[in-house]
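Peer 1: Handing you a structure now.
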Protein chains: 2
Amino acid sequence: MAALKRRRTPPFPGRGHDHARCVDVALGEATRLCARDGQRLTPLRRRVLELVWGSHQPVGAYAILDRLKQDGRAAAPPTVYRALDFLLARGLIHRIASLNAFVGCARPDGSHPAQFLICRRCGTAAEIDDPRLAAAIGRSATESGFAVDAPIVELRGLCAGCRRPAAG
Amino acid sequence: MAALKRRRTPPFPGRGHDHARCVDVALGEATRLCARDGQRLTPLRRRVLELVWGSHQPVGAYAILDRLKQDGRAAAPPTVYRALDFLLARGLIHRIASLNAFVGCARPDGSHPAQFLICRRCGTAAEIDDPRLAAAIGRSATESGFAVDAPIVELRGLCAGCRRPAAG
DNA sequence: CGTCGGGTGTTATACTATAACATATTCTGT
DNA sequence: ACAGAATATGTTATAGTATAACACCCGACG
C-alpha cells in the first residue's frame, strides 16, 4: 500500500543518489537507441550528452562549450548547438525554454512531450510525464479547435526537499 | 444551446475582428488598473503597451525598440525592457518564454497564471485561462511534493483557422 | 581512385537581456 | 514655491544565447 500508483522513476532524484549511475544508464540507452535507428552517436555527441547529464540542473550551451574547451577540443558555438540539435531530435535531451538550457531526458524511449518541475532554489528540473496532465492539455486545446504539436510545460516553484527547513 | 460554457472572450480573435477595439479596451483597462493601484502608466509605458498590443502575435523587445525609435524617441534596450518589466509586474502583458517575446494580457484583472495556444502558422498566441487545466497542473505537482509558483504553459500547434485549407 | 554525404571546424554576426551610472521628472511636506 | 526624496528615463557598455555561411575531413560506395 505504499504506492497507489507506480512510477517508473521518481520525479526528483534523491540528494544522495548515485548520479554516476544516472549518467551510465543515459549513455547506455542513447547508444542503444542510436544503434537501433541507424544514427551515429559520435564521440562529440556522446560527450555533449554526458555533459548535459552532468547534473539534474539544466545546463546552458555555453557552459557545455566551456567544458569541451577544457577537454582540449576545438569548439565554437555551432559545435555544441549542432550536437544539442541532434540529441533533441533523437529525444535524448530536452530544452527548457524558460531557462535557455538543456537537461537529459529521463525516458528517452522515443520523442515525447514532457512536463517539468523546476525548483527555483536547487535548480533541479524534474521530468514528469503525467498522462492526466497531458490529457487535460489536450482537452483544453481541443475545445478551442487547436491541434497541439509541442506542449511546453515548465512549472517553476519549490521542490519537496527545498521546502523543508534546511535541517539535517 | 450554443454554448454549454461561457467564456468571457474567445481564445482566438477572428480574422476580421476590430483590432483597434482590442487596443482601446486594453489601454483603457490598463489606465483604470494603474489608477486604482496608484501606479504610473507613463507615456512611454503606455506606448510600449500599445505596441505590444499591435497584434495578437507576440512581439520581441527589439521590434518594440525599433518602433520607439521611429517615434523619434531616444531609446535603447533598457528603455524597452524597463517598460516591459513594469507591464509584466502589473499583469498587463505576458512573456512567452519559448519565443522570447511579449503579448498583451487578455484579462489584466490582477496577475494570474496563463496558458497559451501558439499557432505555428499564423503566429497568434491565444490566452486560455482554463481552471481545469490549472487544477490538473496543481494536482500533478502536488503529487511530487512540489509547490508551483509560476506555471509556464505554451502549447504550440495549429489554430482552427490555420488547420482549414486556405480557401475562402 | 573519385565523388558523395554527413559530421565537424572556423569565422562572423544576429538576437536577447542586463549592469552601472547619469540625468530628468514627479511627488511630498513645508 | 522650494528642498529633498523617490521614481522614471537616458546612456554606454557588455553579457548571454543562437545561427548563417563556408571550408575541411573522412568514411562509404561504386
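The values are calculated or read from the model by the stated rules, or taken from the named source; none is laboratory data. Just so it is clear, the structure is predicted and the values come from calculations on it, not from any experiment. Don't worry about glycine lacking a Cβ; one is built from the backbone with ideal geometry, like all the others, and counts go over all protein chains shown. Note: accessible area is taken over every heavy atom of the protein model, side chains too, but ligands, DNA and RNA are not part of it. Shrake-Rupley method; radii C 1.70, N 1.55, O 1.52, S 1.80 Å.
Peer 1: For the subset of the range A:43-84 comprising residues that are polar (S, T, N, Q) and out of contact with any helix residue (DSSP H, G or I) (no Cβ under 8 Å at 6 or more places or on another chain), which member is most open to solvent (accessible area, probe 1.4 Å)?
Peer 2: First, pick out the residues of the range A:43-84 that are polar (S, T, N, Q): A:55, A:57, A:70, A:79.
Within this subset, residues satisfying the condition of being out of contact with any helix residue (DSSP H, G or I) (no Cβ under 8 Å at 6 or more places or on another chain) are A:57, A:70.
On the way: A:57: 88, A:70: 138 Å².
If we take residues in the range A:43-84 being polar (S, T, N, Q) and out of contact with any helix residue (DSSP H, G or I) (no Cβ under 8 Å at 6 or more places or on another chain), then A:70 is most open to solvent (accessible area, probe 1.4 Å).
Peer 1: I would also like to ask the following. Filter the range A:121-133 for residues that are within 19 Å of residue A:29 (Cβ to Cβ) and not hydrophobic (A, V, I, L, M, F, W, C); which is farthest from DNA strand C (Cβ to nearest atom)?
Peer 2: A:129
Peer 1: Continuing with the same structure: Among the numbered conditions (1) farther than 30 Å from residue A:163 by Cβ; (2) within 11 Å of chain A (Cβ to nearest Cβ); (3) open to solvent by less than 20 Å² (accessible area, probe 1.4 Å), tell me where residue B:93 comes up short.
Peer 2: The failed condition is (2).
Peer 1: Now, a different point. Select the helices (runs of 4 or more DSSP H) contained entirely in the range A:75-163, then report the ones holding at least 3 residues which are in contact (Cβ under 8 Å) with a residue 12 or more places away in the chain and farther than 19 Å from residue A:56 by Cα. Show your work before the answer.
Peer 2: Numbers: elements: A:77-89, A:131-143, A:160-163.
Ranges flagged: A:77-89, A:131-143.
Peer 1: Which of the residues belonging to the range A:67-120 are modelled with pLDDT under 95 and more than 16 Å from DNA strand C (Cβ to nearest atom)?
Peer 2: A:106, A:107, A:108, A:109, A:110, A:111, A:112, A:113, A:114
Peer 1: Quick check on this structure: which one of B:150, B:160 is farther than 21 Å from residue A:98 by Cα and open to solvent by 30 Å² or more (accessible area, probe 1.4 Å)? Before you say what the answer is, go through the steps one by one.
Peer 2: Working: B:150 fails: farther than 21 Å from residue A:98 by Cα.
Answer to the check: B:160.
Peer 1: Is it the case that residue B:87 is buried (at least 18 other Cβ atoms within 10 Å of the Cβ) and within 12 Å of chain A (Cβ to nearest Cβ)? Talk me through it step by step, then tell me what you get.
Peer 2: Details: buried (at least 18 other Cβ atoms within 10 Å of the Cβ): yes; within 12 Å of chain A (Cβ to nearest Cβ): no.
When the stated conditions are applied, residue B:87 does not pass them.
Peer 1: Condition test on residue A:45, is it modelled with pLDDT of 95 or more, within 15 Å of DNA strand C (Cβ to nearest atom) and part of a strand (DSSP E or B)? Even if it seems obvious, please write down each step before you answer.
Peer 2: Details: modelled with pLDDT of 95 or more: yes; within 15 Å of DNA strand C (Cβ to nearest atom): yes; part of a strand (DSSP E or B): no.
Judged against the criteria, residue A:45 is not a match.
Peer 1: Just checking, does the range A:99-111 include any residue being more than 13 Å from the chain's Cα centre (by Cα), away from DNA strand D (no atom under 16 Å from the Cβ) and open to solvent by 30 Å² or more (accessible area, probe 1.4 Å)?
Peer 2: No, the conditions are met nowhere in the range A:99-111.
Peer 1: Here's something else I'd like to know. Can you tell me which residues in the range A:48-64 are part of a loop (DSSP other than H, G, I, E, B) and farther than 17 Å from residue A:19 by Cβ? First the steps, then the outcome.
Peer 2: If we filter the range A:48-64 for residues that are part of a loop (DSSP other than H, G, I, E, B), which is where we start, we get A:53-58, A:60.
Scanning the range A:48-64 gives a single hit, A:60.
Peer 1: For a quick check of your reading of the model, give me the residue pairs whose first member lies in the range B:44-55 and is within 21 Å of residue B:125 (Cα to Cα), whose second is aromatic (Phe, Trp, Tyr) and open to solvent by less than 50 Å² (accessible area, probe 1.4 Å), with beta-carbon atoms closer than 8 Å and at least 6 apart or on different chains.
Peer 2: Close Cβ pairs (under 8 Å, with a partner that is aromatic (Phe, Trp, Tyr) and open to solvent by less than 50 Å² (accessible area, probe 1.4 Å)) amount to B:52/B:102.
Peer 1: Let me ask you something else. Looking at this structure, is residue A:10 within 14 Å of chain B (Cβ to nearest Cβ) and either within 16 Å of DNA strand C (Cβ to nearest atom) or at pLDDT 95 or above (or both)? First the steps, then the outcome.
Peer 2: On the way: within 14 Å of chain B (Cβ to nearest Cβ): yes; either within 16 Å of DNA strand C (Cβ to nearest atom) or at pLDDT 95 or above (or both): no.
No.
Peer 1: Which of the residues belonging to the range B:75-127 are under 17 Å from residue B:150 (Cβ atoms) and β-branched (Val, Ile, Thr)?
Peer 2: If the condition is that a residue be under 17 Å from residue B:150 (Cβ atoms) and β-branched (Val, Ile, Thr), then B:93, B:96, B:103 are the ones that fit.
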